[in-house]
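Notes follow once the structure below has been shown.
Every number in this text was worked out from the coordinates using simple rules, so none of it is lab data. Quick caveat, the model's predicted, so the values are computed rather than measured. Virtual Cβ from ideal backbone geometry, glycine too; neighbours counted across all protein chains shown.
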Amino acid sequence: MSIPGDSVLEQTFVGGFGTFLTLYNYLITFRILLSWIPQAQGVAVLQPVFTVTDPFLNVFRNIVPSIGGLDLSPLLGFFLLNVLTQSTAAIGCELPEEGKGGKGGEGGGWGWRKGRLAK
């Protein structure tokens with residue numbers, strides 16, 4: 001993920017938080033796959049996965065009831081993580097000032113001119 005910005009601190013924070021959210025997304029996916037294996041909750045090595053992901057998923061379990069024994073709470077969890085990931089990337093982006101270039105401005109880039117797309 002490439003994030004434009006003025007400072008190294010901003011890029012480090014935004015990139016690091018985006019990476020954290022992506023890794024947490026993978027961890028929740030792993031947790032969902034483990035839920036299909038009934039013996040997985042008893043394995044000591046896997047307990048950190050349950051400890052880290054269950055509080056997040058429990059928030060959504062109180063909102064979304066299970067339908068026919070199928071837990072749909074991870075869908076809301078994935079949606080929230082996706083929104084946070086996209087918002088994190090948007091925080092690091094800067095909007096071009098009007099009339100100083102950027103997309104659609106005079107300084108190049110793709111823009112609409114006289115009703116058609118022009119470069």
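Remarks
- By the beta-carbon count within 10 Å of each Cβ, the least crowded to most crowded order of Ser73, Ser7, Ser35, fewest first, is Ser7, Ser35, Ser73.
- The phi-based Karplus calculation (6.51 cos²θ - 1.76 cosθ + 1.60; θ = phi - 60°) puts the 3J(HN,Hα) values of the range 7-13 at 10, 5, 4, 5, 5, 5, 5 Hz, whole numbers, x for Gly and Pro.
- Residues whose placed amide H lies under 5 Å from that of Leu72, excluding near-sequence neighbours: Ile67
- Karplus 3J(HN,Hα) series, Hz, for the range 29-34 with 6.51 cos²θ - 1.76 cosθ + 1.60 (x for Gly, Pro): 4, 4, 4, 5, 5, 5
- Shape of the range 8-94 from the C-alpha gyration tensor: oblate (a/c of 1.5 or more and a/b not above b/c, with a ≥ b ≥ c the square roots of its eigenvalues).
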